[in-house]
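What follows is a short report on a single structure.
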Amino acid sequence: MKDIEDRAKLFANYIIENKATVRATAQAFDISKSTVHKDVAERLRKFNPSLAEEAKKVLDLNKSERHLRGGMATKMKYTKIS
């Protein structure tokens, strides 16, 4: 069980330090998005609530901005085609 706790802390620290998304964190550690999300959003809360809350703030910010990032990606896609 200790390795899961360490992994969850590692993911949370990466998210906080890099303002990373779940997807970016999963790619950085070559692991699935669902594993990153479950570790940070559920498991971490049980043994380190303060770290979980910090990570949640970053993830909530990312979630609130995702429609903007999607719009920018579409704009970039069609700008390159023209």
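The values are calculated or read from the model by the stated rules, or taken from the named source; none is laboratory data. What you see is a predicted model; the values in this text were computed from it and never measured. Backbone-built Cβ (ideal geometry, glycine too); neighbour counts: all protein chains shown. Side chains included, ligands, DNA and RNA excluded: accessible areas come from the protein's heavy atoms. Shrake-Rupley method; radii C 1.70, N 1.55, O 1.52, S 1.80 Å.
Per-structure values
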{"quantity": "Enumeration of residues in the range 34-73 that are within 12 Å of the chain's Cα centre (by Cα), of a type in the set (A, V, I, L, M, F, W, C) and more than 14 Å from residue 4 (Cβ to Cβ)", "calculated": "55, 58, 59, 61"}
{"quantity": "Selection count, the range 34-50, where residues are surrounded by 14 or more Cβ atoms within 10 Å (Cβ to Cβ) and acidic (Asp, Glu)", "calculated": "1"}
{"quantity": "Pair list, Cβ under 7 Å, 6 or more apart: the range 47-67 residue of a type in the set (S, T, N, Q), other residue surrounded by 12 or more Cβ atoms within 10 Å (Cβ to Cβ)", "calculated": "48/9; 62/21"}
{"quantity": "Matching residues, the range 19-28, being open to solvent by less than 80 Å² (accessible area, probe 1.4 Å) and of a type outside the set (Ser, Thr, Tyr)", "calculated": "20, 22, 24, 26, 28"}
{"quantity": "Cross-chain or 6+ apart pairs with Cβ under 6 Å, the range 12-41 first and touching a residue at least 24 places away in the same chain (Cβ under 8 Å), then outside any helix (DSSP H, G or I)", "calculated": "none"}
{"quantity": "Restricting the range 7-18 to residues that are among the aliphatic types (A, V, I, L, M) and more than 10 Å from residue 58 (Cβ to Cβ), the residue that is least open to solvent (accessible area, probe 1.4 Å)", "calculated": "8"}
{"quantity": "Complete set of residues in the range 51-82 that are open to solvent by 80 Å² or more (accessible area, probe 1.4 Å) and at pLDDT 80 or above", "calculated": "53, 54, 56, 57, 61, 63, 75, 76, 77, 78, 79"}
{"quantity": "Residue identified as open to solvent by 40 Å² or more (accessible area, probe 1.4 Å) and more than 13 Å from the chain's Cα centre (by Cα) among 4, 31", "calculated": "4"}
